[in-house]
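Rule-based calculations on the coordinates, nothing more; no lab input. From a predicted model like this one, the values you see are computed outputs, not experimental measurements. Here the Cβ positions follow ideal geometry from the backbone for every residue, glycine too, while neighbour counts run over all protein chains shown.
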Amino acid sequence: MTRRRISLPAIGRVYLGLVLAFLYLPILVMAAMSFNSSKLYRLPIDWSTQWYVALAGNDKLIAAGTNSLIIAVVTTIIATALGTAVSLVFFRYRFRGKAVMQLLLFPPITIPWLIIGTAMLIFFFWVGIGRGLHAMILGHVALALPYVIVVVTARLHSFDPTLEEAARSLGAKAWQVSWRVTFPWIAPGLFAAALFAFAVSFDQFVISYFLAVPGVSTLPVEIYTSIRKGFTPEINAISTIIITFSMALLLGVARFYRFGGER
Amino acid sequence: MAQVAVQEVSRHFGPVKALDNVTVDFADGGFYALLGPSGSGKTTLLRMIAGFDYPDSGHIRIAGEPVEAVSVEKREIGMMFQNYALFPNMTVFDNVAFGLSVRGVAKPEIARRVGEALELVHLTGFDKRKPHQLSGGQRQRVALARAIVTRPRVLLLDEPLSALDKSLRVEMQVELKRIQRDVAITTIFVTHDQEEALTLSDRIGILNEGRLVQEGPPLDIYERPRTAFAARFLGEANLFDITPGGAGGVSLGDGTMIRINGDTGAARQVAVRPEKMLLEPLSAPAPEGDSNVIQATVQQHIFAGSSLTYLLDWRDQQLKVFVQNRTGAVIGAGETVRLSWSPRDTVVLAG
């Protein structure tokens, strides 16, 4: 369906430009400063890659970054798998208490992370899980699950179950139906859900901060700690790397999958 | 290709009887229409033959063997869904090839057979299109090609033409009939459209409230409906309450004696099709022979170019008569006219 396009008046262009500036200006300034050799952000910019070189030698930041990546990847895999299974159950079956269960999945999204973090810390100590990487992963999976379920369920809602029937009538076995008909349809949803899970985990500060043990922290925690000790432009450098990486990923994904509706 | 037999099949959904002791045979190579209003159980029956649903009691056999223990994917059926259910992520070629590729047929063989199937439905050259790039009629052809390419034993069509607009529907009726004759697959199709059932099929089964009301070739059912429901659902009918008056004659409510062919038995109603009645001004010479005659008052006429429909009042009952536009003249409202018809066209209804 193509909507009729009316050309945008000048005021509209200005407005959109301001929105984009509001979103991107701080990031652009930060990225520029990561290439400024002046520690005090003196202008004009004295271009240099010295902070990137310094970053390469900063073992603490790199270790924290590696931890963040590991946690985010593991969280993404577990949360996407579990969440998709939940969505499929909601989609295919009718059972008692379904509506209540679906409703109860949403509040965790709105509860402040500080409160969830505190609750997790207390609970994990109480049951003996304690702190550390495993505890962080557990916490992140719990945080990411509702997002995955919401995204995959939304995608499944647009799936026509007669497609599965059609596949079966044509002789496809159950796994062939899932793999060749259902999966390709929900794949963009799975991808979006995985991105959400990854972002929730990779961004996570409060819960990671509470559940980290000395010597094992994540990037946001490490950045926070080093800012408290005194800011170094290495932070700009690593942030710029992360932003570039995530922008490239998102733009790539957006190219392959049209978000917000097939056809 | 195979014969399908449905024997004493019943199916309940809670307190609702979707199918009530239905027995019907679908002949090998035949084109069979299951006709009924929504909720009559016709789709339930089709889905049971496909294997998406199972009878509570009774049996379904395909080519003589019971299929209760055979799941959908092993029944070797082809089904066309009301919304076509084309796989949106696949091209036309891949859609049609699906049934062959899940069976592990070799690539060159798949290409050859998909080519043949697309040729049969006149869609050669559309291989690389995606379903959303096709018109409604083209989608339907793809769905049909996909359903027959595996050479199924039975072809099941669920409201095959309901999603198309009128002119396309007529065109597809012709196509569907040609293709069915070409491939000679036992075909069962579900419809609520009486015209579709009459045009396409060589046998019709009329379902109402889970029961098979009547079954037979279209002409037989049309000319000799057994019940008031069958008379009114397939075509239109004027119904008259009767008082039995022995062989050869009955009296209508006003005492008019009319003649019928055969015996009325315990029947309480007769039906006369609107096109079998001759409508004439009272001034016209009385019909000869043994015609049944009544007088009615014209209420209104509906002019449709080549034909006219008259709505008439007879003893506070509305009658309908179809008239070919031969004279170019119309009889106005309020005029009393004579209706006559042959005893042969007076159908005695069972209930």
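The table that follows gives values for the structure above.
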read-out: Student exercise, the range B:17-136 dipole from Lys, Arg, Asp, Glu Cβ charges, in Debye to nearest 20; value: 440 debye
read-out: Over chain B: helical MRE at 222 nm, DSSP H runs n ≥ 4 each giving -39500 (n - 2.57), nearest 500; value: -7000 deg cm²/dmol
read-out: Sequence of A:Tyr224, A:Tyr147 once ranked by neighbouring C-beta atoms within 10 Å, starting from the fewest; value: A:Tyr224, A:Tyr147
read-out: Gain on full stretching of the segment that runs from B:Thr309 to B:Arg151 - 0.36 nm per residue minus C-alpha separation; value: 52.3 nm
read-out: Percentage of interatomic Cα-Cα distances in the protein assembly as shown larger than 37 Å; value: 58 percent
read-out: Computed E for A:Ile241/A:Phe159 - FRET, C-beta separation, R0 60 angstrom, nearest 0.05; value: 0.95
read-out: Helix-only [θ]222 nm of chain A, DSSP H runs n ≥ 4, -39500 (n - 2.57) each, per residue, nearest 500; value: -23500 deg cm²/dmol
read-out: Whole-percent pair-distance distribution, where bins are 10 Å wide, for the alpha carbons of the range B:236-349; value: 14, 47, 30, 9, 0
read-out: Separation of alpha-carbon centers, the range B:265-320 and the range A:150-218, rounded to whole Å; value: 67 Å
read-out: Radius of gyration and Dmax over the Cα atoms of chain B, both given in Å; value: 24.4, 77
read-out: In range of the label at B:Glu288: residues from the range B:321-351 whose backbone nitrogen is under 12 Å from the point 7 Å along Cα→Cβ; value: none
read-out: Whole-Hz ³J(HN,Hα) from phi, Karplus 6.51 cos²θ - 1.76 cosθ + 1.60, for the range B:290-306, glycine and proline x; value: 9, 4, 7, 10, 9, 10, 9, 10, 5, 8, 6, 10, 10, 8, 10, x, 6
read-out: Under Karplus coefficients 6.51, -1.76 and 1.60, residue-wise ³J(HN,Hα) of the range B:94-103 in Hz, glycine/proline x; value: 5, 4, 5, 6, 3, x, 7, 6, 6, 8
read-out: Longest segment of chain B lacking GluC sites (Glu not before Pro) that sit in a DSSP loop with at most 13 other Cβ atoms within 10 Å; value: B:69-287
read-out: Kyte-Doolittle mean at least 0.0, axial Cα span of 24 Å or more - DSSP H helices of chain A; value: A:10-33, A:59-92, A:133-157, A:183-203, A:234-256
read-out: Pairwise centroid distance, computed over Cα atoms, of the range B:170-241 with the range A:89-128, Å; value: 56 Å
read-out: Spatial separation of Cα centroids for the range B:77-101 and the range B:14-72, in angstrom; value: 23 Å
read-out: Loop-resident sites, the range A:73-160, for trypsin sites (Lys or Arg not before Pro), counting at most 13 other Cβ within 10 Å (DSSP); value: A:Arg94, A:Arg96
